[in-house]
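*Asks:* My questions all concern the structure below.
The values are calculated or read from the model by the stated rules, or taken from the named source; none is laboratory data. For clarity, every value in this text was computed on a predicted model and none was experimentally measured. Note that we place each Cβ from the backbone using ideal geometry, even for glycine, and neighbour counts take in every protein chain shown.
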Amino acid sequence: MQTFEQVSKEAEALGYKVVLADLDSWDPGGKIITINERRTPRNQTVHLLHEVGHACILAEAELAGDYYDRFPGLQPDADSHVHTMSEFEQEVLAWEKGRLIAYRLGIPIDKNFHRIKAKSLQTYVEHHEESTSNV
Ligand SMILES: [Zn+2]
């Protein structure tokens, strides 16, 4: 549970508030990271690492002023395939960034982290397959 506090401090350093509610989300506009309160503390930390990863990627891109060079598909006029790929790329990068944050904080990355990462990315891909097959 202490590790959750450690990662929360990383979020706070980036200007985010961490709240427990009924879903996992990252809201860059409202500067709020929400973590599902029904998860086990261990899984909450894994999801928090991922969401802080998103916040970190955005902060770095804003600092460098190259967000749309990194994620061209997230420009308002991008076509939907490029949009989906940039979103997916950001999902993968947020997991990697979360892993690096854990490493820096001395939080062990275990099988559970990889299982949740794989499951989340799989869900993303499956959701996208469903939405394109209906087009
Ligand atoms: Zn994500």
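*Asks:* Of the residues Glu62, Glu51, Glu91, Glu129, only one is under 24 Å from Lys17 (Cβ atoms), more than 16 Å from the ligand (Cβ to nearest atom) and either in contact with a strand residue (DSSP E or B) (Cβ under 8 Å, 6 or more places away or on another chain) or of a type in the set (D, E, K, R) (or both); which?
*Replies:* Criteria check complete, one pass: Glu62.
*Asks:* Report, by residue number, each residue of the stretch 92-113 that is hydrophobic (A, V, I, L, M, F, W, C) and out of contact with any His (no Cβ under 7 Å at 6 or more places or on another chain).
*Replies:* Correct list: Val92, Leu93, Leu100, Ile101, Ala102, Leu105, Ile107, Ile109, Phe113.
*Asks:* Do we find a residue being surrounded by 18 or more Cβ atoms within 10 Å (Cβ to Cβ) and part of a helix (DSSP H, G or I) anywhere in the stretch 11-26?
*Replies:* Looking for residues that are surrounded by 18 or more Cβ atoms within 10 Å (Cβ to Cβ) and part of a helix (DSSP H, G or I), one finds at least one in the stretch 11-26, hence yes.
*Asks:* With the structure loaded, tell me whether Thr34 is at pLDDT below 95, within 16 Å of the ligand (Cβ to nearest atom) and among the hydroxyl-bearing types (Ser, Thr, Tyr) or whether it fails that test.
*Replies:* So Thr34 fails the test.
*Asks:* Ok, one more. Being touching a residue at least 60 places away in the same chain (Cβ under 8 Å) and in contact with a Gly (Cβ under 9 Å, 6 or more places away or on another chain) is the filter here; which residues of the stretch 4-25 pass it?
*Replies:* Within the stretch 4-25, Gln6, Val7 qualify.
*Asks:* State whether one or more residues within the stretch 120-134 are hydrophobic (A, V, I, L, M, F, W, C), within 13 Å of the chain's Cα centre (by Cα) and modelled with pLDDT of 95 or more.
*Replies:* Yes - at least one qualifying residue is present in the stretch 120-134.
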